[in-house]
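**Q** A single structure is presented below for examination.
The values are calculated or read from the model by the stated rules, or taken from the named source; none is laboratory data. This is a predicted model, so every value here is computed, not measured. Cβ placement follows ideal geometry from the backbone for every residue including glycine, while neighbour counts extend to all protein chains displayed.
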Amino acid sequence: MTAATSPATQRFGNTASRLPDLLFRSGSGALAWIIVAVLGLLAVLLFLNSSEALSKFGFAFLTGTAWDPIDAVYGALPFIVGTIASSFIAIVLATPIGLLTAVFLAELAPRRVAIPLTFTIELLAAIPSVVFGLWGVFVLGPFLQKTVESWIVSSVGFIPIFAGPPFGVGLFAAGVILTLMILPTIVAISRDVITAVPDSQREAMLALGATRWEMITKAVLPYARSGIIGAVILGLGRALGETMAVTMVIGNRPQIPSSVFDSSQTIASQIATTFNEASLGLQTSALIALGLVLLVITMSLNVVARLLVWRVSGRGEARR
């Protein structure tokens, strides 16, 4: 037996050993392209069914602020602002909480604490969004109104974006609900990424006399930075498309909010609350156009996130 001949080749032959690899590669590649095709067909379907609204309003559909089925005037800007604003609040709140929780579970907590705590946090992802919505209406909303929102208004209410009065239902409450819903995604992925950092990174820093905090901040987190960014982007993607929980606590007011405590409405909540009662024709086409806008926002976000992850990964490789 020569050095280049493996036992598998001797037993099955060259053709037999390559056939499973070829089948696996072609099959997985076909499935990948099927996913891309489904996404493309979905975009085409949304575009065709929204063509009536897009042809009538054009670019003004994105900049219009009125949604009036009686006068057949439809503008998507209030819903775009509500979607981005609620998701922004959620990601600002969830990112530090999720990252610190992941660091605690991966680096600081003893195993007997980390395992059940990780399991409990990941269970949050299994709670239906309508349950989050009911909890937000009856528990979280009144609590925020009497505590956090009142404190913010009394402390920094002179800033227009934090002006009151607090209602417990509105943009801020929706952002807090979304924070709780995307935390399991950020925590779980960030913890896995941090755990995957080679122990040699930690041992090298500690051998140089670094403290545990310095080891985490200067060796572990920079190494895992691209994965953490990916976790945050995945959480943001869920926040952008969340429907029922947001619908129940955001107030469903189709106007651009002037404060974080104002009632607002997202693209998903507008579609969910009005699609069944929408008349065929222009109104239905406008709602489908909202869905197309949401798809474009989500896909654009994922493209930007992928480019950002590649750039961060490239810098990390160059430093190593």
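Residues checked against (1) surrounded by fewer than 21 Cβ atoms within 10 Å (Cβ to Cβ); (2) out of contact with any Phe, Trp or Tyr (no Cβ under 6 Å at 6 or more places or on another chain); (3) acidic (Asp, Glu); (4) not assigned by TED's automatic domain parsing to the domain that holds Ala126:
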position	(1), (2), (3), (4)
Gly175	no, yes, no, no
Thr179	no, yes, no, no
Thr185	no, yes, no, no
Arg191	no, yes, no, no
Ala196	yes, yes, no, no
Glu203	yes, yes, yes, no
Thr211	yes, yes, no, no
Glu214	yes, yes, yes, no
Leu221	yes, yes, no, no
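**Q** Still on this structure: Is it true that Phe158 is crowded, with 20+ Cβ neighbours inside 10 Å and either out of contact with any strand residue (DSSP E or B) (no Cβ under 9 Å at 6 or more places or on another chain) or free of Cβ contacts under 8 Å to residues at least 12 places away in the same chain (or both)? Break it down stepwise before answering.
**A** Details: crowded, with 20+ Cβ neighbours inside 10 Å: no; either out of contact with any strand residue (DSSP E or B) (no Cβ under 9 Å at 6 or more places or on another chain) or free of Cβ contacts under 8 Å to residues at least 12 places away in the same chain (or both): yes.
No.
**Q** Would you call Val309 assigned to a helix (DSSP H, G or I), modelled with pLDDT of 90 or more and of a type in the set (A, V, I, L, M, F, W, C)?
**A** Values: assigned to a helix (DSSP H, G or I): yes; modelled with pLDDT of 90 or more: no; of a type in the set (A, V, I, L, M, F, W, C): yes.
No; evaluated as a whole, the condition is false for this residue.
**Q** Something else about it: Give the residue, chosen from Ser300, Ser279, Ser258, that is within 30 Å of Phe162 (Cβ to Cβ), surrounded by fewer than 18 Cβ atoms within 10 Å (Cβ to Cβ) and out of contact with any helix residue (DSSP H, G or I) (no Cβ under 9 Å at 6 or more places or on another chain).
**A** On the way: Ser279 fails: within 30 Å of Phe162 (Cβ to Cβ); Ser258 fails: out of contact with any helix residue (DSSP H, G or I) (no Cβ under 9 Å at 6 or more places or on another chain).
Unique residue meeting the criteria: Ser300.
**Q** For Asn276, all conditions in the list (1) free of Cβ contacts under 8 Å to residues at least 40 places away in the same chain; (2) farther than 21 Å from Leu183 by Cα; (3) in a helix (DSSP H, G or I) hold save one; what is the number of the exception?
**A** Unmet condition: (3).
**Q** Next question. Could you give every pair whose Cβ atoms fall below 7 Å, whose first residue belongs to region 49-61 and is farther than 15 Å from Leu280 by Cβ, and whose second residue is in a helix (DSSP H, G or I) and of a type outside the set (A, V, I, L, M), counting only separations of at least 6 or pairs across chains?
**A** Within 7 Å, the pairs are Leu54/Phe61.
**Q** Here are the criteria: (1) surrounded by fewer than 23 Cβ atoms within 10 Å (Cβ to Cβ); (2) at pLDDT below 90. Tell me which single one Trp151 does not satisfy.
**A** For Trp151, the failing item is (2).
**Q** For region 115-139, enumerate the residues that are within 22 Å of Ile84 (Cβ to Cβ) and among the hydrophobic types (A, V, I, L, M, F, W, C). Let's see the steps before the verdict.
**A** Our first condition is that a residue be within 22 Å of Ile84 (Cβ to Cβ); within region 115-139, this holds for 129, 132-133, 136.
If the condition is that a residue be within 22 Å of Ile84 (Cβ to Cβ) and among the hydrophobic types (A, V, I, L, M, F, W, C), then Phe132 is the only one that fits.
To keep it simple, each residue is scored yes or no on (1) surrounded by fewer than 13 Cβ atoms within 10 Å (Cβ to Cβ); (2) among the small types (Gly, Ala, Ser).
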| site | (1), (2) |
| --- | --- |
| Ile80 | no, no |
| Gly98 | no, yes |
| Arg112 | yes, no |
| Pro116 | yes, no |
| Ala163 | no, yes |
| Pro166 | no, no |
| Leu171 | no, no |
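**Q** Something else about it: Given the residues Ile115, Ile89, which is the only one that is at negative phi, in the same structural domain as Gly175 (by TED's automatic domain parsing) and out of contact with any Phe, Trp or Tyr (no Cβ under 7 Å at 6 or more places or on another chain)?
**A** On the way: Ile89 fails: out of contact with any Phe, Trp or Tyr (no Cβ under 7 Å at 6 or more places or on another chain).
Just one listed residue meets the conditions, Ile115.
**Q** Moving to a separate point now. Only one of (1) under 24 Å from Phe138 (Cα atoms); (2) crowded, with 17+ Cβ neighbours inside 10 Å is not met by Ala272, so which one is it?
**A** So the condition that Ala272 fails would be (2).
**Q** Hey, Ile152 hits all of (1) more than 22 Å from the chain's Cα centre (by Cα); (2) hydrophobic (A, V, I, L, M, F, W, C); (3) farther than 19 Å from Pro96 by Cβ but one; which does it fall short on?
**A** Going through (1) more than 22 Å from the chain's Cα centre (by Cα); (2) hydrophobic (A, V, I, L, M, F, W, C); (3) farther than 19 Å from Pro96 by Cβ one by one, Ile152 breaks only (3).
**Q** While we're looking at this one, here's another question. If I ask for residues that are of a type in the set (D, E, K, R), at pLDDT 90 or above and in contact with an Asp or Glu (Cβ under 8 Å, 6 or more places away or on another chain), which ones from region 234-292 would you list? Write out each step before concluding.
**A** Looking only at region 234-292, we keep the residues that are of a type in the set (D, E, K, R), and these are 238, 242, 253, 262, 277.
Then keep just the ones that are at pLDDT 90 or above; that gives 262.
Scanning region 234-292 gives no hits.
This table checks each residue for (1) surrounded by 11 or more Cβ atoms within 10 Å (Cβ to Cβ); (2) part of a helix (DSSP H, G or I).
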| site | (1), (2) |
| --- | --- |
| Arg18 | yes, yes |
| Phe24 | no, yes |
| Val36 | no, yes |
| Leu46 | yes, yes |
| Phe61 | yes, yes |
| Ile70 | no, no |
| Thr83 | yes, yes |
| Ser86 | yes, yes |
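**Q** Looking at Ser263, is it buried (at least 17 other Cβ atoms within 10 Å of the Cβ), among the polar types (S, T, N, Q) and in contact with a Lys or Arg (Cβ under 6 Å, 6 or more places away or on another chain)? Steps first, answer last, please.
**A** On the way: buried (at least 17 other Cβ atoms within 10 Å of the Cβ): yes; among the polar types (S, T, N, Q): yes; in contact with a Lys or Arg (Cβ under 6 Å, 6 or more places away or on another chain): yes.
Taking the combined requirement at face value, the residue satisfies it.
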